[in-house]
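Presented below is the structure to which this report refers.
The values are calculated or read from the model by the stated rules, or taken from the named source; none is laboratory data. For clarity, every value in this text was computed on a predicted model and none was experimentally measured. All Cβ positions, even for glycine, are placed from backbone atoms using ideal geometry, and neighbour counts span all protein chains on display. Heavy atoms of the whole protein, side chains included, go into the accessibility calculation; ligands, DNA and RNA do not. Shrake-Rupley method; radii C 1.70, N 1.55, O 1.52, S 1.80 Å.
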Amino acid sequence: MLKFLLRPFFSTVLIGVNLDAKICALKIVVMKNKTIKSSLTKEFKIVDKELPVEAAKLIASYKRRHPFTYLSAISKTYNQGLAHCSKKTDLLKFGVNAKTSKIIEMPHNWLFYIQQLAVDENRVKFIRALGLDYLFSPFILVYENVKKTLTKEMQLFVLQERGSITLFVADEQSVYFGGFFMMESGLDSSGEDQNTMMEVHSLKEMKDLDTVIGSIDELNEIGELEDLDEDLIRKEFMPEEIDSQKAQEAEISHLEELRDLARASNATEILKHSISEFYSNEVYSARFIEKIVILDTYGITEQAIEHIRGNLMLDIEIRSLSIPDALIELAKAEMKDNQG
């Protein structure tokens, strides 16, 4: 009660953090009396898939100095999904055990779920940052950012990250289908829900790589692009005579193009399998998908977009989306609801 009474005298700090492949993106907003006092955006390099120490220290420093600090992230696990139904008991036909899952029912006859163990696994990642306050579903993040643009036609929304992809099929009436997939090489799909997840081929299994990466004959496995050493790329592809600074910029740009083609190739396979599953499985009551909307979270290259477009033969729209910004907005809404 005392804390509630003192709250108007303290700033509220909202922190959105996203761990995506090798990048930790962070946004910190300091507010008082609904006015933003300051805002900070930073990126850190991820090592061993853990929250970077520098990011953890920064978050912890805010939590120690400001008692009303709230850290938000999105869940990244196979043990989650969405279902086109209105009752928790209907989840059985999707192969989901409602007793061991956290379930949120949404308007317009759909819900999303996550296994309770997966919630705990996600929270453990942020222990060194003094704990996670809000863990949001990637499906609710997509929904909140597209709901005002839903139409009568069926659209497939794709939350495209470097290391994962979230699919979301909806029209203005409801949400019908969704899935979360990791896209890093060595993808292990053994933990997927067999009724809602389809086989996803890793990039290492893909053939005819020359059609994907053109003249780079030396690279035999496109799945290795995420882990290529930039120094190796520098030695192999850059003349020694080029100015070092310009060479470095060109190398980084070239390497990112290759990585993005790898992501696009993997994303295309995931989309093909998912669309096929959506059309063929009677549980989804599917209609024809008219359009794909890619929510671009990092800056997809034009080559990657054309690769996806050329393989799927569907109208594709690109929209930019910052996940840390979106998490801040979700946290604001959550706090508003909790305060009545």
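Ordered from largest to smallest accessible area (heavy atoms of protein chains, 1.4 Å probe), the residues K87, K332 come out as K87, K332. Here the Debye sum runs over all C-alpha atoms of region 273-335 as equal scatterers in vacuum, and log10 of I(q)/I(0) at q = 0.26 Å⁻¹ comes out as -1.03.
Extension gain, A98 to H66, is 7.8 nm, computed as 0.36 nm per intervening residue step minus the present C-alpha separation. Ranking K152, K272, K99, K76 by solvent-accessible area of protein heavy atoms (1.4 Å probe, all protein chains present), from largest to smallest, gives K99, K152, K272, K76.
What is the sum of charges, Lys and Arg at +1 and Asp and Glu at -1, for the other residues whose Cβ falls under 13 Å from the Cβ of I305?
My count for the surroundings of I305 gives -4.
Loop-located chymotrypsin sites (Phe, Trp or Tyr not before Pro) across region 253-340 with a Cβ neighbour count of 14 or fewer within 10 Å are F288, with loop assigned by DSSP.
For region 1-95, the share of DSSP beta bridges that are antiparallel, to the nearest 5, is 85%. Peptides 36-47, 172-183 ranked from most to least packed give 172-183, 36-47, packing being the mean of other C-beta atoms within 10 angstrom over each peptide's residues. Counting Lys and Arg as +1 and Asp and Glu as -1 over every other residue whose Cβ lies under 14 Å from the Cβ of L51, the net charge comes to +4.
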